[in-house]
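Written below as structure tokens is the structure these notes are about.
The values are calculated or read from the model by the stated rules, or taken from the named source; none is laboratory data. Every value quoted in this text rests on a predicted model; they were computed, and no experiment measured them. Every residue, glycine among them, receives a Cβ derived from its backbone with ideal geometry; neighbour counts consider all protein chains shown.
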Amino acid sequence: MNKGSSLKPAATMRVIVVVSGRELATEVTHQETVLEIKQRLERFLGIPTSSQTLAVCGLELVDGLDMDDYPFIIEGTKIQLTVEDANRPLSNGYSKMQVVVKFPTRKISVEVDQTETVHSLKEKIHILEGTPISRMSLFFSGRELEDDFRSLTEYGVGESSEIVIFLKNSSRQRHEPPSRRLSVVVQTSSSLLNAAAIPLEMKDSCTVGDLRQMLLSRQILPADDYIFIHKQRLMRCDCSLRWHGVEDGETLYVFRGTVTRGSF
């Protein structure tokens, strides 16, 4: 559909990029991707996009997502820019590479580190596509890639390798294992409780909504709307901690706000 001239331009907000002790203000739109912001910083600062890492409150921002995917980024948010030394090898001597993930009807390209595991690749696919980790089976050269501690390169995966993904039918999956108790840490933002780290125990079958209700009922958080984040991805209110892949001892981040996008 052609955009008519009467359409209003995308709303902008001012964010602060912090790098090497300096603060640089810049205007971004809600539809602008992290990669586009990096490209702008490359033009302004001369820092290659491949050497940039952008993060908010310790959460790295993913290139393929836009500002609407991070509703906690609002007017005045500070985004930390870390610059990797171009003369130093990445990841202890290993470099990044592009692999192709093939779905039944489409393909996507995913950047991974050569030291990454199968599970971390599944996490990236979940961030980019929203596919539940529990439904993914990955195959390379006719062999299923197991969720163990071996890296992708140990399976022979290299630059431009094609990894085939099969999605398990939820109605045909094996019965759910019994619930287990998790010890997690809920880390609040600086605007809540002076950035407190709150240890909690709850079953992995509990939903994010249950977690929110627990924090409210115990008066740990004041009555308000909140979003929760696990490993740089937004958590769905009606899905369990197990569905999100939360493991014992991990940290969940909570911010004030709501998510209005249809997929959440």
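Take the residues in the stretch 140-163 that are of a type in the set (V, I, T) and modelled with pLDDT under 90; name whichever of them is nearest to A196 (Cα to Cα). Checked the stretch 140-163; the qualifying residue nearest to A196 (Cα to Cα) is T153. Among residues of the stretch 101-124 being among the hydrophobic types (A, V, I, L, M, F, W, C) and surrounded by fewer than 20 Cβ atoms within 10 Å (Cβ to Cβ), the one that is farthest from the chain's Cα centre (by Cα) is F103. Scan the stretch 106-150 residue by residue and report those that are closer than 20 Å to R233 by Cβ, touching a helix residue (DSSP H, G or I) at 6+ places or on another chain (Cβ under 7 Å), without any contact (Cβ under 8 Å) to a residue 40 or more places away in the chain and in a strand (DSSP E or B). Across the stretch 106-150, the qualifying residues are I108, V110, M136, L138. For the stretch 33-55, the set of residues classified as buried (at least 19 other Cβ atoms within 10 Å of the Cβ), of a type in the set (A, V, I, L, M, F, W, C) and part of a strand (DSSP E or B) consists of L54 only.
If you go through the stretch 243-264 and keep only what is at pLDDT 85 or above and in a loop (DSSP other than H, G, I, E, B), you end up with V246, E247, D248, G249, E250.
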